[in-house]
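First the structure, in the form of structure tokens, and then the observations on it.
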Amino acid sequence: PNFSGGFWTYTTAYFQINTGTGTWEYGRKYQVHEVVTDKAGNSTDLSRPPFTFDIKVPTATITLPSATPIAVRTLPMISGTANDDYAPDDVQIAIQRSDNLWFGGLNFDVSQSTPNFLPVDYLSSNATFWYYTAANNLGAKIIDEFHYTILVKAVDVAGNAQFEIQLPGRPHHQ
């Protein structure tokens with residue numbers, strides 16, 4: 001064991017396998033016991049809350065607009081679903097216009113090479129349904145003459161993150 005910064009830590013190479021092989025098994029619940037022994041030899045077993053080993057990424061899917069439209073006249077809302085074996089925790093969205101600007105929440109004014117992910121406006125209590133309206137302003141920002149790429153990313157309670165490109169180059173507003 002090591003003591004640093006006010007914390008005791010203990011690890012071995014055996015514990016550091018994070019691929020679902022060896023020590024940790026995906027989906028298995030673990031309970032940690034901290035056994036403390038004082039100088040007099042008295043021991044106390046402190047049980048910590050259980051945790052489940054989770055290395056699978058959650059999935060987020062866009063359902064509105066559908067994956068098949070060639071053009072849409074208006075897009076006041078983007079919505080979809082999220083799924084995870086245990087519990088999705090967060091869904092984020094990024095929208096890129098064909099001039100390579102990312103939506104910053106109010107306008108297409110973010111110029112960067114990586115997606116500008118924003119929190120969705122609504123995430124259901126069980127984190128399986130979400131929607132984004134940019135505070136009811138999205139319809140006014142999706143304008144003619146541009147193509148749009150929509151990305152969505154789900155994150156679960158274990159911190160596993162996924163993003164999926166949806167509707168590359170579409171929808172085109174008309």
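The values are calculated or read from the model by the stated rules, or taken from the named source; none is laboratory data. What you are looking at is a predicted structure, and each value in this text was computed from that prediction instead of being measured. Because the Cβ atoms are built from the backbone with ideal geometry, glycine has one as well, and the counts that use them run over all protein chains shown. These accessible areas exclude ligands, DNA and RNA; they are computed on the full protein's heavy atoms, side chains included. Shrake-Rupley method; radii C 1.70, N 1.55, O 1.52, S 1.80 Å.
Among (1) crowded, with 18+ Cβ neighbours inside 10 Å; (2) farther than 17 Å from residue 59 by Cα; (3) touching a residue at least 40 places away in the same chain (Cβ under 8 Å); (4) not hydroxyl-bearing (Ser, Thr, Tyr), where does residue 136 come up short?
It is condition (1) that residue 136 fails.
Could you tell me which residue of region 1-18 is modelled with the highest pLDDT, considering only residues that are open to solvent by 90 Å² or more (accessible area, probe 1.4 Å) and not hydrophobic (A, V, I, L, M, F, W, C)? Show your work before the answer.
Kept after step one, since they are open to solvent by 90 Å² or more (accessible area, probe 1.4 Å), are these residues of region 1-18: 1-3, 7-8, 10, 14, 16, 18.
Those still in the list that are not hydrophobic (A, V, I, L, M, F, W, C) too: 1-2, 10, 14, 16, 18.
On the way: 1: 77, 2: 83, 10: 78, 14: 68, 16: 64, 18: 59.
Only one residue fits best here, namely 2.
Residue by residue, here is whether (1) in a strand (DSSP E or B); (2) of a type in the set (D, E, K, R) holds:
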{"residue": "49", "(1), (2)": "no, no"}
{"residue": "55", "(1), (2)": "no, no"}
{"residue": "79", "(1), (2)": "yes, no"}
{"residue": "82", "(1), (2)": "yes, no"}
{"residue": "89", "(1), (2)": "yes, yes"}
{"residue": "105", "(1), (2)": "no, no"}
